[in-house]
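To keep things clear, I will list the structure first and then write my remarks on it.
The values are calculated or read from the model by the stated rules, or taken from the named source; none is laboratory data. Small disclaimer: the values here were computed from a predicted structure and weren't measured. Using ideal geometry, Cβ is built from the backbone for each residue, glycine included, and neighbour counts are taken over all protein chains shown. Areas reflect the complete protein model, heavy atoms only, side chains present, ligands, DNA and RNA absent. Shrake-Rupley method; radii C 1.70, N 1.55, O 1.52, S 1.80 Å.
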Amino acid sequence: MSLQWEVFELANRLRVVVTPMPATQAASISVFVGVGSRSEPKELNGITHFLEHMVFKGTERRPDAHAIAEAIEGAGGTLNAYTNKEFTCYWNVVPFDHLDVALDVASDMVLHSKLDPDEIERERAVVQQELKRNHDHPQTWAARLVGMAVFGEQPVGWDVGGTLETVARVQREHFVEHIDRWYRAPNAVLSVSGNVDPERVRRLAEELFAEMRDGTVPAVPPYDPTKTGPRVVLDERRTDQCSVYLGFPGLSRHDPDRFALRVMNDILGSGMSSRLFREVRERRGLAYAVHSSYGLLADTGIFTIGAGVNRDRLVETVQVCLGELRRLCDEPVGAEELRKAKEHTIGRFRLSLETAHAVGQRHGELLLTRGEIEPVERVVEAIEAVTADDVQRVAQRLFDLRAVHCAVVGPELNEEELLAALAA
């Protein structure tokens, strides 16, 4: 049975999507706000992520982080949030009979955060520790380095968390200004899914989110394809293996080839039957983990290949991965491999929507970023329609090997060696 949802708009132009799922015991609440790291001034890079932390630190009615957490966890639920380049999401999941509490806490956090100066100082240290943790994890850091290399010195290329220095600059007045500029009702979406009644959600939303202000938000700085970072970025460390990423500019979330991209990625590096897994791990024993992935943004995207390899096999691994990209560009995918890839892509997509939270996340993100929610069956039909020519075309669009970027974290690195590997 296909999912049905209801979308409506409050008086302040906050969009609300409600997806009833009567068979579940859960109610999932997600508040999306259309601001991420690419909307920030350079000197305050990371303020959106820092603010995401601060929203959990207390309101007038719930004066500290413990009171907020206890309100949801005491109802048997869980809560969290995340920030990316283009939006922030605050979410909680509770048993369905605690829907009113879940919506009340979500609105209270987003609309009435105290931003206590003492809490800001305490949380500043926490955010900086998070940045240090990401830096100290070789694979995480290599992935971030390749993203910064692909996009270069422009807002879409900045790290979501900022730097230790930019986080140190953020003061309370910066948070207040950031909220005033971006936390506007037309720039947000409330997504509620699970064992819920749409009319009850409407009544609660009208009451609890009425204070969210109407108004327009600034334009987001556009992606400039002429700006890129270095071809090779190295961070030499005494680790037992090299974490290596290859990266290319990708497709936007509106690109008609996005469905062919999903199938092509599945063929290349998604799962144990993918080409990269079979060639890099199974046939050559170069890496334990190897994968490809992509991210879609409003006006661009990124495509990456990542692996962890011994230093003495680094160049070989890079060359093997590039060889698989050339093969996708030069040779049409066979009918049987294409069929299996589409089945795998569709199956993973369907299975990703098994929970109320997953459905609510999908619907809220799509409504915020695309202005519409693509029905599951429409997506399935679009994937089914992908042809071998489509896969080859999207590979040829993406994999200009003259523009590939490489980031490596590991021991005894040599830039010239890797530049030569990319040019081979």
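Descriptive notes on the structure:
- Whole-Hz Karplus values for the range 34-43 come out as x, 9, x, 5, 7, 9, 9, x, 3, 5 Hz, taken residue by residue from phi with 6.51 cos²θ - 1.76 cosθ + 1.60 and θ = phi - 60°; glycine and proline positions read x.
- For the chain, with +1 on Lys and Arg beta carbons and -1 on Asp and Glu, the positive-most of Leu328, His178, Leu10 along the dipole: Leu328
- Size of electric dipole in the range 333-388: Cβ of Lys, Arg +1 and of Asp, Glu -1, about Cα centre, debye, nearest 20: 100
- Look at the dipole of the chain built from charges on Cβ: of Ile68, His363, Pro138, the Cα furthest out on the positive end belongs to Pro138.
- Only Lys, Arg (+1) and Asp, Glu (-1) charged, at Cβ; the chain dipole about Cα centre in debye: 780
- Projecting the Cα atoms of Pro218, Asn84, Gly247 onto the charge dipole of the chain (Cβ charges, centred on the Cα centre) puts Gly247 farthest toward the positive pole.
- Rounded to the nearest 20 debye, the dipole size of the range 1-141 about its Cα centre is 460 debye, using +1 on the Cβ of Lys and Arg and -1 on the Cβ of Asp and Glu.
- Derived scalar couplings between HN and Hα for the range 196-206 equal 10, 9, x, 5, 5, 4, 4, 4, 5, 5, 4 Hz in order, rounded to whole Hz, by the Karplus curve 6.51 cos²θ - 1.76 cosθ + 1.60 (θ = phi - 60°), x for Gly and Pro.
- Of Cys329, Cys406, Cys89, the one that fluctuates the most in a GNM where the chain has Cα springs shorter than 10 Å: Cys329
- Measuring how big the chain is from its alpha-carbon positions, Rg and Dmax come out at 22.6, 64 Å.
- Pairwise Lys count, the chain - Cα closer than 23 Å, eight or more residues apart or different chains: 8
- Against the main long axis of the alpha-carbon atoms of the chain, helix 258-269 sits at an angle near 50°.
- Where both bridge residues fall in the chain, DSSP classifies roughly 80% of the beta bridges as antiparallel.
- With respect to the chain, whose longest principal axis is taken over its alpha-carbon atoms, helix 138-151 is tilted by about 90°.
- Of all accessible heavy-atom area on the range 254-356, the percent that carbon and sulfur account for (1.4 Å): 50
- Listed residues Lys85, Lys57, Lys132, most fluctuating in the chain (Gaussian network, C-alpha, under 10 Å): Lys132
- Computed E for Glu417/Arg393 - FRET, C-beta separation, R0 35 angstrom, nearest 0.05: 0.60
- In degrees, nearest ten, helix 314-330 long axis to first principal axis of the chain (Cα): 90
- With every protein chain in place, the range 1-134: carbon and sulfur % of accessible area (1.4 Å): 52
- Within the chain, helix-based [θ] at 222 nm, where runs of 4 or more DSSP H residues each add -39,500 (n - 2.57), nearest 500: -13500 deg cm²/dmol
- Whole-Hz couplings from phi, Karplus 6.51/-1.76/1.60, listed for the range 417-423; x for Gly and Pro: 4, 6, 4, 5, 5, 5, 8
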